[in-house]
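Working notes for the structure below.
The values are calculated or read from the model by the stated rules, or taken from the named source; none is laboratory data. Computed from a predicted model, the values in this text were never measured in an experiment. Cβ placement follows ideal geometry from the backbone for every residue including glycine, while neighbour counts extend to all protein chains displayed.
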Ligand SMILES: Cc1cc2nc3c(=O)[nH]c(=O)nc-3n(C[C@H](O)[C@H](O)[C@H](O)COP(=O)(O)O)c2cc1C
């Protein structure tokens, strides 16, 4: 189970709750099984568990926990819930971090990797929810948070980093059908909006911090691919690729030049001279057009509201991959961001070194997602600048078409 900045702990790591409570109806039926589980858990997890508490019988089973994110507690006075599809128990602090009232969007997406389908639940928070989420994830680094849906404990991922973007995304909670069923039960499917709140601003789904292949495998398998299927890529994959390219991983607002914080790719002086435009032809859930990636908020803003792939292909000297790929990233640079500090050395060396770092991240992330790309620098600068409506200070450097390899 993955969540940006979070991942689930091993089954026996530290289930803070240990003892049966008398849940009124259905849980009674499972008393014996759970008691048996208790014995097994204690045997397996044993004395290593320093959160183990003496038995008490506080019963919070009458109180329904609202759908939302909560702190996991080691206090037995808090609310006990059994983890969905697991025999682990956790105590939940009932003061919610975000509840369903803070959910602006809730969506189930289906992704595919190497022919295997997996489903994700994407939750986007409103402004208040985003603030609460940022504070809670900062406070909880190294600890677990709990997602409750319909009073059921769905997931207890571990927090690895503060999450300032107001989106949580969970994979591996269940099949698409199971997730749909859960959402139906809590009646939120009525309120589900597409992930794109408006055609102009796309808040991207939260990137994952764990993938399906190792970095070594991605390095080994990486190749430039130029033949793509006529098939859309998911918004989740696009989000992941943009994050890998230039996403903020260490937020910092002390210095304006950082524009949001330190990134996935190194940059001379932390000056981040690059910008990434996204020519969307076929990406699930969003309109085609040209977007600009805004790292600091992990969002895209639309600049042109039509498919520009044909023009892009002409600018790229007719290379077919550019019109065939469902999406292309276009790197540009504002050289002055770097040359103001480093002069000519910045122009001749540093900006393109920065580009190489970021583009390689794209290559590896694309590979890890089972997709393909090819860095392309053969294009007419002036034609491309005109199509992208670039300002005078922006210079185009790379086009990277991305898609499902043929
Ligand atoms: C600076 C640079 C510019 C490139 N421009 C193009 C291009 O315009 N068109 C293209 O098909 N490939 C382009 N490539 C991809 C190279 O052809 C490719 O990396 C090379 O053949 C090695 O293959 P590999 O990437 O599969 O290892 C470019 C690569 C680099 C590093």
Selection from the range 226-238 of residues that are surrounded by 21 or more Cβ atoms within 10 Å (Cβ to Cβ) and within 16 Å of the ligand (Cβ to nearest atom): 228
Residue under question is residue 220, and the condition is that it be within 24 Å of residue 285 (Cβ to Cβ), in the same structural domain as residue 366 (by TED's automatic domain parsing) and at pLDDT 95 or above; does it hold? no
On the given criteria, is residue 400 touching a helix residue (DSSP H, G or I) at 6+ places or on another chain (Cβ under 8 Å) and either at pLDDT 95 or above or not in a helix (DSSP H, G or I) (or both)? yes
Can you work out which of the residues in the range 347-367 that are more than 9 Å from the ligand (Cβ to nearest atom), surrounded by fewer than 22 Cβ atoms within 10 Å (Cβ to Cβ) and under 27 Å from the mean Cα position of the chain (by Cα) is nearest to residue 222 (Cα to Cα)? 364
Of all residues being away from the ligand (no atom under 12 Å from the Cβ) and assigned to a loop (DSSP other than H, G, I, E, B) in the range 368-379, which is surrounded by the most Cβ atoms within 10 Å (Cβ to Cβ)? Just the residue, please. 369
Taking residue 394, is it surrounded by fewer than 23 Cβ atoms within 10 Å (Cβ to Cβ) and more than 13 Å from the ligand (Cβ to nearest atom)? yes
Out of all the residues in the range 380-391, which are assigned to a helix (DSSP H, G or I), within 16 Å of the ligand (Cβ to nearest atom) and touching a helix residue (DSSP H, G or I) at 6+ places or on another chain (Cβ under 8 Å)? 383, 384
Qualifying residue in the range 355-372 (condition: without any contact (Cβ under 8 Å) to a residue 40 or more places away in the chain and over 25 Å from residue 211 (Cβ atoms)): no
Going through the range 212-225 in order, the residues found to be assigned to a loop (DSSP other than H, G, I, E, B), within 16 Å of the ligand (Cβ to nearest atom) and surrounded by fewer than 18 Cβ atoms within 10 Å (Cβ to Cβ) are 222, 223, 224
Here are some residues: 312, 329. Which one is within 16 Å of the ligand (Cβ to nearest atom), within 21 Å of the chain's Cα centre (by Cα) and either more than 16 Å from residue 383 (Cα to Cα) or not in a loop (DSSP other than H, G, I, E, B) (or both)? 329
Quick test for you: out of 279, 265, pick the one residue that is within 16 Å of the ligand (Cβ to nearest atom), assigned to a loop (DSSP other than H, G, I, E, B), in contact with a helix residue (DSSP H, G or I) (Cβ under 9 Å, 6 or more places away or on another chain) and within 22 Å of residue 388 (Cβ to Cβ). 265
Selection from the range 290-310 of residues under 17 Å from residue 390 (Cβ atoms) and at pLDDT 95 or above yields 290, 291, 292, 293, 308
What do you reckon, is residue 273 at pLDDT 95 or above and surrounded by fewer than 23 Cβ atoms within 10 Å (Cβ to Cβ)? no
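Table: residues versus (1) without any contact (Cβ under 8 Å) to a residue 40 or more places away in the chain; (2) loosely packed, with under 15 Cβ neighbours inside 10 Å.
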position	(1), (2)
254	yes, yes
261	yes, no
290	no, no
295	no, no
299	no, no
304	no, no
316	no, no
